[in-house]
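First comes the structure, then the notes that go with it.
The values are calculated or read from the model by the stated rules, or taken from the named source; none is laboratory data. Values in this document were obtained by computation on a predicted structure and should not be read as measured data. Only protein heavy atoms, including side chains, enter the accessible area calculation; ligands, DNA and RNA are left aside. Shrake-Rupley method; radii C 1.70, N 1.55, O 1.52, S 1.80 Å.
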Amino acid sequence: QLDFAVFDYDSPRRTLLRKRGYEMLPYTFVTRRMRFGVRPLPAPVMAEGYILRSTDASDSDCQRLADVLNAGFNRTMHTMRESQNFALQSPSFSADLNLVAQAADGTFGALVGLTYNKFNRYGVVEPVCTHPDHRRKGLARALIFEGLHRLKVLGATDAYVDTGDMVPANALYDDVGFTEAYRGNIWRKLW
């Protein structure tokens, strides 16, 4: 199978894919954009009992990263080794842009990872997740604002985040300032 993500505004591409036998899947996605400009970003406010920090490639941090990803996304597939391989081998990884809210007991309550494309001067916010035991405390919001400040220091002019149709996530991103939203669908052809 071959999949393409196509925005709703891209009528020529949708027409071409339809002519070539692709079918539009019901799953929709949303890409949200924030243009920095001169707009001031609020300072991050971390909930009491948590510290905001960057991660490292240690076994301990990577296991806690896997734990918060699994809990936050209701999965079981993430492992310490996966997190460590990404931290050590991915050309897009920057420890300074991999942010966590660490609880007093040492667990990671939330994770926000960012990457920076210096050639095009934009950042990508991905992943964003909060452990269910730590939700409704503003942790992801604080981490996003800290990450956006760090992207601006690096020279970013824009930031993007991809979401699905999840209402709470889109409400958070809209509230933070990702006010431009572009919707689309996946188009698939089975071979």
Could you give me D for the chain, from Stokes-Einstein at 37 °C and 0.692 mPa s, where the hydrodynamic radius is the Kirkwood radius over C-alpha pairs? Units µm² s⁻¹, please.
184
Report in % the part of the accessible area of region 21-110 that belongs to carbon and sulfur, leaving out ligands and nucleic acids; probe 1.4 Å.
56
Give me the base-10 log of I(q)/I(0) for region 94-182 at each q in 0.13, 0.24 Å⁻¹, Debye formula, one uniform scatterer per Cα, rounded to two decimals.
-0.41, -1.26
Quote the relative contact order of region 54-99 in percent (integer), defining contacts as alpha-carbon pairs under 8 Å separated by 6+ residues.
47
Proximal lysines relative to Lys19, as straight alpha-carbon distance under 21 Å, when same-chain residues fewer than 8 apart are discounted:
Lys189
Would you mind getting the accessible area per residue of region 98-191, heavy atoms of the protein chains only, 1.4 Å probe, in Å²?
49
